[in-house]
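What follows is a single structure, written as structure tokens, with notes after it.
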Amino acid sequence: MPGMIRKNPVPGPDTGRSVITDGRVEITIDYEVVDLEFLDPEYYPTRSPMAFIDPTTGLPAYMYSDRYCFLQTYTICNVDPNSQPLTGLEFYQMLHSHGADEYGPAVSSTYATIAPEDALQYYVPYNPVHQVGNFRYDVTQWNDIDRTGATTGQTHNDYVGFSSTREPDWVDNDVYRGHRSPNTIYKPPAGTHLHIEDRLLNGNPAIYYDEVAGAMGWSLGALNSNETVSITVAFMFGQEQEPITAPVELVKMDDLPPETEVRPGDEITYTICWENLSQDAAQDVVLVDYLPEGVTYPGGSWSFDPNFTPIPPEPGYDPGFHSYTWELGTIEPSGTGCVQITVMVNDRAEPGLVLENKARLVTSNMGAVQVHWLTPVACWAEGPIHVDARATGKNTGVSWQDAYTDLQRALARAAAGCGAEIHIAAGTYRPGRGTQDTFRIPDGVSVYGGYRGGRTNPDGRDIRRYKTILTGLINPTTRNDTVVTMGDNTLLDGVIVEQGEQRGVYVVGASIDIQDCTVRRITGIGGIGVEVEGSVVSARRLRAIENVDGLYAKAGSLLVLENSLILNNAHYGVRALESGLTLTNSVVARNGLAGSGYYGLSIALPSQIPDIHNNTVVHNRNEGLFFFDSDPNNPKSPDIQSCILWYNNAGGRQMAGCGFRRYSCVYDPNDPTGQDYTPDVYGNFSGNPRFAYADCTDPNALLNVHLAADSPCINAGNPALSYEGQRDIDNEGRVLGGRVDIGADEVDPACADVFSALDWNADGVVNLHEFNFFSRAWLTTDPNNPICDPNHPGYVSDPNALGYVSETDKLRFDAKCDLDADLDVDLEDLALFLEHWLWQACWRRVSGGMFPLSMDAGGQTLEALAGADAASLTLEGDFAVAYEPWDLSRRAALAQILAFLKDIEPDYPDPERLRLLQECLIEEAKILREPNVGLDLPKQF
């Protein structure tokens, strides 16, 4: 480490020192081993007590350490070269040790403050930097056999701990998992490391990638130049022995009959009793009852007696901590006593959960003891549970105003049986800081995303506009293993699940539904968008995008997919092993991107005949469909009906392991240009399916598989099957022309307007995306224009003269924006562009379709953008081109365009279309208006 001294500069008996610095802070660490038998062995005690919470009784206890322990003192000095003060100093000491079996399944870690006599308080350190005394503040942990039922050969508990004479400001302790194996680095899902990372000490989001357990932390305030502050901790060890009970016992209860559930308006009387079990008097005793938020203490605020005389709040109540304090003084040996406090349940009590009341008794000579009491709360609120990350109310989920801000709280309430529906507002939600944290949807619960939330029309639902994102991204290097885990008979509707390490959605031993969801970017090793084990999953309008595997149905499962998009997955689009698969009206495109051996659809050893009906399987790197069955005499070959398989496998075969299909359009390497439209006896042909955007150069076009108006796939599907209740990929009817079309798209014969040459990003609408490109090319000239030739009579050489063409103007020229083909982009081109403004393909005019290609894709219609706030005018999405900031020349171009639109306004035949364009560009002008930037808008604006 930088600045570390490699040899001991303070030689002495069992001592050491190291120095660490970063240029501003210098930390000197002094070590000293202590032989606790420095005391007369006949003197009791000759050891240091290790306090902990007994897991059996829940009460504080302690035992004595081994003979040797060691002191470690940290001296922190401000060595800032600019003599600047250091502020907000925080110091944490973490304990990483697991006693007898470091690799056991669990380690218990507790914090306690019992203060019996301590041998260390009589020790005189060799190095006076060590500050000794009663090390009463203890974090103790041990390999916990009883808690885990482990059979790892452990025969006893070994204890290890560290203690301080200074009370910590923060404490972390829990039951932690042991090491997975001696050779595996493992970061546990809970613990101090997560809390410290949350605080971003020194801007560092990650501190340790092995195990970290109990810890104490201290706030050290500020240090001026060359000032120091130090803190001493003692480390000790001990084997299992009979624990010594805490000297004071504390008991708490309420006055309710067993299993009574309370609701707002009910009264609760808590009784807290104590007994001094020691032979010494407990000194300076203070009892504090920390009340839950879900109750109100009536004496905590001003009130009036019957004569309207003001009654002040009771002095024992502290509104800041919502607590009540009793100064008990001295409790003699065997002394007992009780106090009572009556409270009223309020509407902060979470329906179906519990009220947790904690009481803590502190002494000056015997440490502290605490106890808690749980009171169940009735399910006093009906209707859905509300979740809104922006809510600022009572955090109970009973309304949008008082919505939970954390989805996990809503799931906990639903798991308690209080609420079968959860409604989530737009926002980003995370399962937790531990890699094993997951959103676990309880049995029988439905989760709906896409709500507006807030105060105005909070029940408004639009899953594309109000995106609900469930993300597994913990920090830039760490992700939750599984983002969502589904229980039996559950529904996930209208959410984006993303950035898990292993799985986006995990289903095991359950029957569930998924609807209108996107699962994307599950990119850890073997990452799976939706993993299904021994389950039945029905998914409609699912987007599985940019995962390692899109969906994987494992043994004993049934996967039913309808109207879904399976796109851009590195390995398999859909993988079914020893399972059933039904895939209808869906698109499987651009999968297997990682290399050979991966397919759009992979079906092996199916449990039933797979139904593959009315799908478009295109642009996969290898075969679009792979099939394998170990029984050659009775193979369960897929039933392929009315499907398009084209552009897969770089012009090679489209299927592997199977070949039989009906009424399908399948590429034939023997017909490489796709000219053969002659159907075989089963209605199949190999001719080009003719997609509407086949000639578009934008990358989106590869995934836009809408049929052209003259496609041979129209009215060519199997007429004998039933399509009742089915919809195509755009939510249009499945049979519109008297007979079903081949593939996932159905063309309405009443509307052949499925393509525009100005729809440059192939999203079915001409809007701001196209205008972005047009504006970049505004007032530019084709380098091949004759007027760019110095020998041309019209050539202008003066940069300040009208008609001069700069090199920048030539470079910015974009041929597709030269709509009148006169080698420049000017007002005539703008007039032509305006004729196509807000054009929409027929399939874009139907709500509920699967295109644009992702739930949060760009290509918003101007109706949604006009009048929106300025920030919404930037395009978003997986496939959209960013709407880049305009430079000064483009700001000037915007002003010219607005002036032109104003001039043509009186005579333009479609005033509403013109008005929408004007409003949108005015909003853009407002965004671009900056100090000292000359943007001359027409006066009318």
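The values are calculated or read from the model by the stated rules, or taken from the named source; none is laboratory data. Computed from a predicted model, the values in this text were never measured in an experiment. Counting neighbours? That spans all protein chains shown, and the Cβs are built from the backbone with ideal geometry, glycine included.
Residue by residue, here is whether (1) in contact with a helix residue (DSSP H, G or I) (Cβ under 9 Å, 6 or more places away or on another chain); (2) of a type outside the set (A, V, I, L, M) holds:
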residue	(1), (2)
I644	no, no
G659	no, yes
V666	no, no
N704	no, yes
S711	no, yes
E724	no, yes
E732	yes, yes
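Just give me the residues in the stretch 504-537 being more than 19 Å from E578 (Cβ to Cβ), of a type outside the set (A, V, I, L, M) and part of a strand (DSSP E or B), in sequence order.
Listed by number, the residues that qualify are G504, D513, Q515, T518, R520, G529.
Of the residues that sit in the stretch 132-147 and are closer than 14 Å to S109 by Cβ and β-branched (V, I, T), which one is modelled with the lowest pLDDT? Among residues in the stretch 132-147 that are closer than 14 Å to S109 by Cβ and β-branched (V, I, T), the one modelled with the lowest pLDDT is T140. When A416, A403, A389 are checked against the criterion of being modelled with pLDDT of 95 or more, closer than 30 Å to I268 by Cβ and not assigned by TED's automatic domain parsing to the domain that holds E350, a single residue qualifies: A403.
The combined condition, being among the hydroxyl-bearing types (S, T, Y) and either in contact with a helix residue (DSSP H, G or I) (Cβ under 9 Å, 6 or more places away or on another chain) or closer than 19 Å to M850 by Cα (or both), is not fulfilled by Y677.
The one condition from (1) closer than 30 Å to V371 by Cα; (2) at pLDDT below 80; (3) in contact with an Asp or Glu (Cβ under 8 Å, 6 or more places away or on another chain) that P49 does not meet is (2).
Annotation: of all residues in the stretch 254-283 being of a type in the set (D, E, K, R), surrounded by fewer than 16 Cβ atoms within 10 Å (Cβ to Cβ) and modelled with pLDDT of 95 or more, the one that is farthest from the chain's Cα centre (by Cα) is E267.
Checking G397, G453 one by one, the residue that is in a loop (DSSP other than H, G, I, E, B) and either of a type in the set (D, E, K, R) or assigned by TED's automatic domain parsing to the domain that holds T518 (or both) is G453 and no other.
Looking across the stretch 640-654, the residues that are without any contact (Cβ under 8 Å) to a residue 60 or more places away in the chain and either surrounded by fewer than 23 Cβ atoms within 10 Å (Cβ to Cβ) or not aliphatic (A, V, I, L, M) (or both) come down to W646, Y647, N648, N649, A650, G651, G652, R653, Q654.
Looking only at the stretch 326-362, filter to residues that are within 21 Å of L59 (Cα to Cα) and in contact with a Lys or Arg (Cβ under 9 Å, 6 or more places away or on another chain); which one of those is surrounded by the most Cβ atoms within 10 Å (Cβ to Cβ)? Checking each candidate, the answer is A359.
Quick grid of which residues meet (1) farther than 19 Å from W843 by Cα; (2) of a type in the set (D, E, K, R); (3) under 37 Å from the mean Cα position of the chain (by Cα):
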{"residue": "V681", "(1), (2), (3)": "yes, no, no"}
{"residue": "N684", "(1), (2), (3)": "yes, no, no"}
{"residue": "N688", "(1), (2), (3)": "yes, no, no"}
{"residue": "H706", "(1), (2), (3)": "no, no, yes"}
{"residue": "D710", "(1), (2), (3)": "no, yes, no"}
{"residue": "G725", "(1), (2), (3)": "no, no, yes"}
{"residue": "N731", "(1), (2), (3)": "no, no, yes"}
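Being in contact with an Asp or Glu (Cβ under 8 Å, 6 or more places away or on another chain) and under 29 Å from E746 (Cβ atoms) is a condition met by no residue of the stretch 623-630. What are the residue pairs meeting all of these: first residue in the stretch 585-612, first residue in the same structural domain as P638 (by TED's automatic domain parsing), second residue surrounded by fewer than 16 Cβ atoms within 10 Å (Cβ to Cβ) and polar (S, T, N, Q), Cβ atoms under 8 Å, and 6 or more apart or on different chains? Close Cβ pairs (under 8 Å, with a partner that is surrounded by fewer than 16 Cβ atoms within 10 Å (Cβ to Cβ) and polar (S, T, N, Q)) amount to L605/S630.
In the condition set (1) surrounded by 20 or more Cβ atoms within 10 Å (Cβ to Cβ); (2) touching a strand residue (DSSP E or B) at 6+ places or on another chain (Cβ under 8 Å), D437 is compliant with all but (2).
Considering only residues that are among the basic types (K, R) and in a loop (DSSP other than H, G, I, E, B), look in the stretch 689-737 and name the one that is surrounded by the fewest Cβ atoms within 10 Å (Cβ to Cβ). Result: R690. Taking the listed residues G534, G524, the one that is in contact (Cβ under 8 Å) with a residue 12 or more places away in the chain and closer than 19 Å to R479 by Cβ is G524, with no other qualifying. Would it be correct to say that V754 is of a type in the set (A, V, I, L, M, F, W, C), in contact with a Ser or Thr (Cβ under 8 Å, 6 or more places away or on another chain) and not in a strand (DSSP E or B)? No; evaluated as a whole, the condition is false for this residue.
A single member of T518, T471 is within 25 Å of N569 (Cα to Cα), at pLDDT 95 or above, surrounded by fewer than 20 Cβ atoms within 10 Å (Cβ to Cβ) and hydroxyl-bearing (S, T, Y), and it is T471. Check whether at least one residue in the stretch 506-513 is of a type outside the set (K, R) and closer than 23 Å to V617 by Cβ, and report yes or no. No, the conditions are met nowhere in the stretch 506-513.
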